[in-house]
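The values are calculated or read from the model by the stated rules, or taken from the named source; none is laboratory data. Because the structure is predicted, anything quoted here is derived from the model rather than measured. In this analysis, Cβ positions are derived from the backbone assuming ideal geometry, glycine residues included, and neighbour counts consider all displayed protein chains. To get the accessible areas, we keep the full protein, side chains included, count just its heavy atoms, and leave off ligands, DNA and RNA. Shrake-Rupley method; radii C 1.70, N 1.55, O 1.52, S 1.80 Å.
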Amino acid sequence: MIAEFNPLHNGHVYALAEARRRAKADVVVVAMSGNFVQRGEPAILDKWARAKAALQCGADLVIELPVFDAVQAAPQFATGGVAIMQALGVTRLAFGTEAADVDYQAAAEKLQAAKLDEAGFQDCTQTYATQLNQQYRAATGLDLAQPNLLLGMSYAQANLRLHAGLKLLAIPRVGVKHDAEHAQAQFASASHLRELIATGQSVADWMPQASLASLDSPHYTWAQLFPYLKYRLLTASLAELEQISGMSEGLQYRLSQQIAEAGSFEAFMSAIKSKRYTYARLRRLCLNVVLNLTQAQVDAAQQNRFLHVLGFTKAGQAYLHQVKKISWFTFDRETDCCAINA
């Protein structure tokens with residue numbers, strides 16, 4: 001699986017169990033975003049706390065999805081995750097989706113044959129994501145506006161592009177929708193849980209005990225990062241900002257002009273938002289500014305990947321020793337990973 005577990009909740013536990021059952025797997029491998037996630041935010045809990053919870057709730061091996069893949073739009077996010085699975089010799093990729101009956105691999109083949117024209121995404125009154133979805137719909141007949149549908153399609157496209165040979169296992173999403181602002185008896189969306197945690201409310205009905213225990217770790221939000229963003233935008237030159245990953249179409253001017261008067265991250269987002277860019281795209285860009293992550297660094301890292309182990313069970317450790325003998329990836333040092341005796 002490719003996941004964020006931000007935080008890990010009952011829906012994730014269900015998905016891990018279903019992945020094991022459907023794949024008849026001896027080992028469940030997870031590529032998990034590190035300390036920063038795809039929506040352009042710090043993960044609410046650090047990667048070690050989330051990895052430990054995952055290992056206690058059904059995963060056997062957790063590998064970090066590095067920041068240069070994790071903080072990207074769906075196609076790049078998916079490519080990083082699929083590349084990890086390919087390197088580890090994984091044969092099946094499970095993912096949750098609102099439309100489990102879609103043949104994602106067949107749809108990806110249609111998209112590949114259609115040869116989408118990115119040069120046509122020039123309508124400044126619509127976001128890039130909206131225009132991309134319009135082309136996807138024309139080529140496949142599918143509306144990929146739901147986040148997990150788009151990710152599922154992105155996994156299938158990466159599977160084709162990398163010749164990974166993964167069998168895709170689409171798991172029906174249970175309970176509430178991806179960003180639902182309410183909860184059901186057993187299930188709540190991760191975004192709703194983050195809101196409850198931030199306001200000190202109980203989340204015990206929707207999270208397993210292992211994940212609840214991880215909440216003792218420090219919590220992180222954009223409020224803690226905003227002073228660093230403001231400092232960086234006020235002190236960096238426009239030429240420096242232009243090199244940041246995702247900085248395009250003169251956005252460095254817009255960010256520099258609006259930061260001085262912004263008293264909070266939310267106010268800054270409102271000031272720079274336009275019909276051209278989604279909030280997720282702008283949050284990712286701001287995070288790259290804080291991290292001083294340049295496009296050159298991203299390109300180099302994606303050409304020279306490594307595997308950073310966050311944790312394993314005994315079964316995961318045995319599998320790791322097996323695949324290290326054949327993997328073309330470089331393994332980062334494992335001395336700081338967490339082990340779960342299960």
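Rounded to the nearest 0.05, what FRET efficiency do GLN201 and ALA315 give with R0 = 41 Å and r taken as the Cβ-Cβ distance? Could you check? Efficiency at R0 = 41 Å is approximately 0.70.
Summarise the accessible area of the chain (1.4 Å probe, protein heavy atoms) by the percent that is carbon and sulfur.
That fraction is 51 percent.
Here's the picture: charge each Lys and Arg Cβ at +1 and each Asp and Glu Cβ at -1 in the chain, and of LEU151, SER189, LEU61 the one pushed furthest to the positive end of that dipole is LEU61. The charge dipole of the range 1-127, taken about the Cα centre with unit charges on the Cβ atoms of Lys, Arg (+1) and Asp, Glu (-1), comes to about 480 debye, rounded to the nearest 20. When the Gaussian network model of the chain links Cα atoms closer than 10 Å, the mean-square fluctuations of ALA239, ALA51, ALA17 top out at ALA239.
For the chain, the square roots a ≥ b ≥ c of the C-alpha gyration tensor eigenvalues yield an a/c under 1.5, which makes the shape rounded.
Rolled with a 1.4 Å probe across the full set of protein chains, the surface gives LEU61 an accessible area near 0 Å². Projecting the Cα positions of ILE259, SER214, SER245 onto the charge dipole of the chain (unit charges on Cβ atoms of Lys, Arg, Asp and Glu, taken about the Cα centre) puts SER214 furthest along the positive direction. The separation of the range 31-78 from the range 265-280, counted between C-alpha centres, amounts to 24 Å. Computed from point charges on the beta carbon alone (+1 for Lys and Arg, -1 for Asp and Glu), the dipole magnitude for the chain about its Cα centre is near 520 Debye.
For the chain, the share of DSSP beta bridges that are antiparallel, to the nearest 5, is 30%.
Could you report the chain's accessible area per residue, 1.4 Å probe, as an integer in Å²?
Ligands and nucleic acids excluded, the figure is 46 Å² per residue.
Going 7 Å from the Cα of TYR231 along its beta-carbon direction, which residues of the range 30-49 have the amide nitrogen within less than 19 Å of the resulting point? Of the residues in the range 30-49, 42 have backbone N under 19 Å from the label point off TYR231.
Taking 7 Å steps out from each Cα toward its Cβ at ALA114 and SER264 produces label points 4.0 nm apart. The stretch between VAL174 and GLU98, if pulled fully straight at 0.36 nm per residue, gains 26.5 nm over its current Cα-Cα span. Distance between the pseudo-spin-label points of GLN302 and ARG276 (7 Å out from Cα toward the beta carbon): 2.1 nm.
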